[in-house]
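The values are calculated or read from the model by the stated rules, or taken from the named source; none is laboratory data. All values reported here derive from a predicted model rather than from experimental measurement. All Cβ positions, glycine included, derive from the backbone under ideal geometry; neighbour counts span all protein chains shown.
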Amino acid sequence: MKVLFLETVHPILARRLNQAGMVCIDAADTTPLEATREHPDAEGVVLRSKVNVDGTLLDALPALRFICRSGAGMENINLDLTKDRGIKVFNSPEGNRDAVGEHAMGMLLSLLNLLREADDSVKAGQWDREGHRGMEIRGKSVGILGYGHMGSAFAEKLSGFGCRILAFDPHREDHVGALGGKVEAVDLDTLRNEVDILSLHCNLTPETHGLINGKFLAAFAKPIILINTSRGQVVHTADLLDALTEGSVIAAGLDVFEREAHGFDTIASAGEDAVLWDRLMAHPRVQVSPHVAGWTEESYIKLSSVLADKVLAEFGA
């Protein structure tokens with residue numbers, strides 16, 4: 001079985017597939033079109049987030065049996081087409097769930113304790129203890145929107161902090177009473193009436209695209225802290241800035257942005273949104289990182305190891 005690596009992943013995946021008798025072809029330095037022209041008989045492909053799996057690519061690989069997506073989100077893969085053609089699609093959210101959970105936790109702790117501001121202040125020669133009085137997680141209600149691998153990992157990190165954990169996910173039921181009853185499965189109205197903190201862990205779908213807009217944020221009973229480590233397009237940036245100005249959002253920790261280019265490795269040209277982007281970057285109550293929540297030394301290995309496990313379970317000897 002020939003497996004075409006269209007993007008670079010940790011080498012443990014190719015090593016394990018080779019050991020199982022598969023032939024792994026590194027085509028990451030060529031375009032998908034060139035790679036498929038040279039290897040039209042490939043039965044497997046490996047990719048991350050840059051390569052689009054559409055009808056053109058699938059037509060070029062008539063023998064294709066499986067696709068490996070290193071990571072969680074699969075918005076770059078036409079799942080309707082792969083299903084129709086009987087192609088297995090594997091992703092690996094198990095590999096970076098802990099990384100995402102820890103990053104979201106780190107952002108929340110930093111925002112609550114004003115760690116970035118305190119660091120800047122002390123390094124500027126100031127000693128303002130009162131100005132950097134923080135807040136505790138204990139006793140607060142933390143909402144998790146989306147309770148898949150990432151949402152559940154964040155809940156695990158929260159479980160020792162003495163807070164109330166509320167989770168809303170209309171597409172799952174396994175979060176009911178999760179973590180020994182520490183997680184409360186709630187409806188959306190309860191989530192918006194109760195939480196002090198909201199962390200987003202939903203996939204990007206037509207349903208969630210632009211979900212966090214002005215109307216959504218205005219429906220919360222209390223001002224909230226917002227954390228987004230899911231996808232940038234879930235949050236409407238202009239409305240978030242308005243909510244920060246109005247006070248319905250106290251602070252925001254953002255690892256992802258509307259302006260991210262396809263593949264997540266760059267920021268797209270701002271165009272008319274340049275002023276909006278500058279406002280977001282300059283906002284004193286917004287903390288940002290470059291889509292690295294799931295990007296750790298450990299997760300790099302685990303993402304490929306999980307894919308190897310799944311492929312070999314299905315197609316191994």
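Before we move on, is Arg285 at pLDDT below 95 and in contact with a helix residue (DSSP H, G or I) (Cβ under 7 Å, 6 or more places away or on another chain)? Lay out the reasoning, then the answer.
Numbers: at pLDDT below 95: no; in contact with a helix residue (DSSP H, G or I) (Cβ under 7 Å, 6 or more places away or on another chain): yes.
The answer is no for Arg285.
Of the residues that make up the range 194-202, is at least one in contact with a Leu (Cβ under 9 Å, 6 or more places away or on another chain), farther than 25 Å from Val292 by Cβ and surrounded by fewer than 18 Cβ atoms within 10 Å (Cβ to Cβ)?
Restricting attention to the range 194-202, the residues satisfying the condition of being in contact with a Leu (Cβ under 9 Å, 6 or more places away or on another chain) are 194-195, 197-202.
With farther than 25 Å from Val292 by Cβ added as a condition, the list becomes 194-195.
Of the ones still in play, those that are also surrounded by fewer than 18 Cβ atoms within 10 Å (Cβ to Cβ) are 194.
Yes, the range 194-202 contains a residue that is in contact with a Leu (Cβ under 9 Å, 6 or more places away or on another chain), farther than 25 Å from Val292 by Cβ and surrounded by fewer than 18 Cβ atoms within 10 Å (Cβ to Cβ).
Note down all Cβ pairs under 7 Å where the first residue falls in the range 23-37 and is at positive phi and modelled with pLDDT of 95 or more, the second is assigned to a helix (DSSP H, G or I) and exposed (fewer than 15 other Cβ atoms within 10 Å of the Cβ), and they're at least six residues apart or on different chains.
If the second residue must be assigned to a helix (DSSP H, G or I) and exposed (fewer than 15 other Cβ atoms within 10 Å of the Cβ), no pairs are left.
Residue-wise test of (1) polar (S, T, N, Q); (2) over 22 Å from the mean Cα position of the chain (by Cα); (3) within 20 Å of Phe220 (Cα to Cα).
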site: Gly139; (1), (2), (3): no, yes, yes
site: Val142; (1), (2), (3): no, no, yes
site: Ser152; (1), (2), (3): yes, no, no
site: Ala155; (1), (2), (3): no, no, no
site: Phe168; (1), (2), (3): no, no, yes
site: Val176; (1), (2), (3): no, yes, no
site: Leu179; (1), (2), (3): no, no, no
site: Asn193; (1), (2), (3): yes, yes, yes
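So which pairs qualify, if the first residue must be in the range 252-264 and closer than 12 Å to Val235 by Cβ and charged (D, E, K, R), the second must be surrounded by 23 or more Cβ atoms within 10 Å (Cβ to Cβ) and at pLDDT 75 or above, the Cβ gap must be under 6 Å, and the two must be at least 6 apart or on different chains?
Listed pairs, sorted by first residue: Asp255/Thr229; Asp255/Ala293.
Counting only residues that are under 22 Å from His201 (Cα atoms), give me the helices (runs of 4 or more DSSP H) lying completely in the range 50-148 with at least 3 of them. Break it down into steps so the answer makes sense when it comes.
On the way: elements: 55-60, 79-84, 93-112, 115-123.
Fully inside the range 50-148 and qualifying: 93-112.
What pairs come up if the first residue lies in the range 300-314 and is within 11 Å of Gly95 (Cα to Cα) and not assigned by TED's automatic domain parsing to the domain that holds Ala99, the second is surrounded by fewer than 20 Cβ atoms within 10 Å (Cβ to Cβ) and among the acidic types (Asp, Glu), and their beta carbons are under 6 Å apart, counting only those six or more places apart or on different chains?
Every condition considered, the pairs that remain are Val306/Glu94.
Only one residue in Leu276, Leu312 is in a helix (DSSP H, G or I) and within 24 Å of Val53 (Cβ to Cβ), so which one is that?
Leu312
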